[in-house]
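**Student:** Below is one structure. I have some questions about it.
The numbers here are math on the coordinates, done by the rules we state, and not lab data. Not measured: the values here are computed from a predicted model. Cβ: placed from backbone, ideal geometry, glycine included. Neighbour counts: every protein chain shown.
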Amino acid sequence: MHTRGPGGAGPPTIGGMDERLRQRAAIVALLRLPKVSWPEIAAVVIERGDALGPLAERLDDDGALFTLDASPEALLDSAAADLARWMAEGIGVHACLDDSYPEQLRDIHQVPPVVFTRGQLATDRRAVAVVGTRQPTPQGISTAETIARHLAEAGVTVVSGLAAGIDTAAHTAALQAGGRTVAVIGTGINRSYPAGNAELQHRIAAEGLVLSQFWPDAPPTKTSFPMRNAVMSGYAAATVVVEAAYRSGARTQARLALEHGRPVVLPRQLLTHDWARDYAQRPGVHVVDDVDDLLATVEGLAEQMVPGPEALRGLAHLTTT
């Protein structure tokens, strides 16, 4: 089998790929098949430690080869071409079987089969999500800035969703404090949403990490932001909700964080909402009275975020993509 495209140029075909790239290409090919569940694909691939077998089985079971009019090798070659193009654009591609895949995401039910990144990878075991409404009060902005700055100064990674409002305040304050911040976004890595945060997204990619679970050019959708919240909750070891209405991504993230077994911190003023009063009764939720109490609680949680042996081993493999 040839190992290069026509004329000796282009991405390698299956015969020219090592096992790691074959597996990554198989995952991309699986996700491109019709009527597949991404979490189901991730669960099967992680359980078996293999994507090539599930790809062959899916093609046989669904008769997809006939529908797609393509051979398994052609599907893998097409996926390899996409991988080569994305990496040539400076995009990090991390499939759930890769060593570079964020380990903490393997713990969640909504584990994405692949994530795309721009910036510097790190284990980020000491990471706290700071989230809230897109239409915050001045007090909410001040609170988000204060906690993000303190976390950054304490060497804790600040995670947020790059949305307008609280997210923007948290990311910006962390950068200004010289700390690390991770933006988990609800669009493809090549897009900026909102458009006004394009410059901030570029700066985070240069100084921290931007992460997406969607195809690089994917636009925002009604479902992409709740999916983003699940990944953000899974990436962080705890979530602080600064301000949130009943129907908000921050409330969704608080629910998901509890499902993931991550602590949640709620300011007492949020208890004016029924959902917050309900959550306040659940194990793992910390209600705080003021900024000082909030900071003390989060710092206490951060002290418990000690990297395990597997995380310490991962420190030797930090890369920039």
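**Student:** Per 20 Å bin from zero, what fraction in whole % of the C-alpha pairs of the chain is there, up to the bin with the longest pair?
**Tutor:** 32, 53, 14, 0
**Student:** Under 5 Å between amide hydrogens, which residues at least 5 positions from Ala129 or on another chain qualify, with H placed 1.01 Å from N in the peptide plane?
**Tutor:** Excluding prolines and chain starts, which carry no amide H, the hits are Val159, Ala237, Ala238, Thr239, Val240.
**Student:** Determine, for each peptide in 131-139, 22-30, the mean count of other beta carbons within 10 angstrom over its residues, then list the peptides with the highest first. Please report the intermediate quantities before stating the final value.
**Tutor:** Details: 131-139: 18.8, 22-30: 23.4.
In descending order of packing, they fall as 22-30, 131-139.
**Student:** Taking a ≥ b ≥ c as the square roots of the Cα gyration tensor eigenvalues, with a/c under 1.5 meaning rounded and otherwise prolate when a/b beats b/c, else oblate, which class fits segment 161-216? Could the numbers behind the result be given before it?
**Tutor:** Details: a/c = 1.92, a/b = 1.47, b/c = 1.30.
Here segment 161-216 falls in the prolate category.
**Student:** For segment 191-262, what number results from the quotient of the Cα radius of gyration and 2.2 N^0.38 Å? Don't jump to the answer; show the numbers that get you there.
**Tutor:** Details: Rg = 13.1 Å, N = 72, 2.2 N^0.38 = 11.2 Å.
Relative to the 2.2 N^0.38 Å estimate, segment 191-262 comes out at 1.17.
**Student:** Check each of the chymotrypsin sites (Phe, Trp or Tyr not before Pro) in segment 165-259 and keep only those in coil by DSSP with at most 16 other C-beta atoms within 10 angstrom; list them in order.
**Tutor:** Working: sites: Phe214, Tyr235, Tyr246; in loops: Phe214, Tyr246.
Those that pass, being in a loop and sparsely packed, are Tyr246.
**Student:** Something else about it: Could you go through segment 74-84 in sequence order and give the Karplus-derived ³J(HN,Hα) for each residue, using 6.51 cos²θ - 1.76 cosθ + 1.60 with θ = phi - 60°, rounded to whole Hz, and x for Gly and Pro?
**Tutor:** Karplus values, whole Hz, x for Gly and Pro: 5, 5, 5, 4, 5, 5, 5, 5, 5, 4, 4.
**Student:** Which distance in Å, rounded to a whole number, links the C-alpha centroids of segment 83-150 and segment 233-283?
**Tutor:** So the two Cα centres are separated by 18 Å.
**Student:** Per-residue HN-Hα couplings for segment 282-298, Karplus 6.51 cos²θ - 1.76 cosθ + 1.60 at θ = phi - 60°, whole Hz, x for Gly and Pro?
**Tutor:** 8, x, x, 9, 10, 9, 10, 8, 7, 5, 4, 5, 4, 5, 5, 5, 5
**Student:** A follow-up question, please. Based solely on its DSSP helices, what 222 nm [θ] is calculated for the chain when runs of n ≥ 4 H residues each add -39,500 (n - 2.57) and the sum is averaged over all residues, nearest 500 deg cm²/dmol? Write down the numbers at each step before the final one.
**Tutor:** Numbers: 13 runs with 145 residues, N = 321.
Roughly -13500 deg cm²/dmol at 222 nm, from the helical runs in the chain.
**Student:** Here is a follow-up. With +1 on each Lys and Arg Cβ and -1 on each Asp and Glu Cβ, how big is the dipole of the chain about its Cα centre, in debye rounded to the nearest 20?
**Tutor:** 460
**Student:** I want to verify a result. In a Gaussian network model of the chain, Cα cutoff 10 Å, which of these has the top mean-square fluctuation: Ala198, Ala173, Ala163?
**Tutor:** It is Ala198.
**Student:** Once you keep just the Cα pairs under 8 angstrom separated by 6 or more residues, what percentage relative contact order results for the chain?
**Tutor:** On the way: 606 pairs, mean separation 52.1, N = 321.
Relative contact order here is 16 percent.
**Student:** Okay, next question. Normalising by the residue count of segment 127-315, find the relative contact order in percent from Cα pairs under 8 Å and 6+ residues apart. Present the calculation step by step, with values, prior to reporting the outcome.
**Tutor:** Values: 374 pairs, mean separation 38.2, N = 189.
Once divided by the residue count of segment 127-315, the mean separation gives 20 percent.
**Student:** Would you mind classifying segment 35-153 by shape? Square roots of the alpha carbon gyration tensor eigenvalues, ordered a ≥ b ≥ c; an a/c under 1.5 is rounded, otherwise it is prolate if a/b is larger than b/c and oblate if not.
**Tutor:** On the way: a/c = 2.53, a/b = 2.34, b/c = 1.08.
It comes out prolate by the Cα gyration axes.
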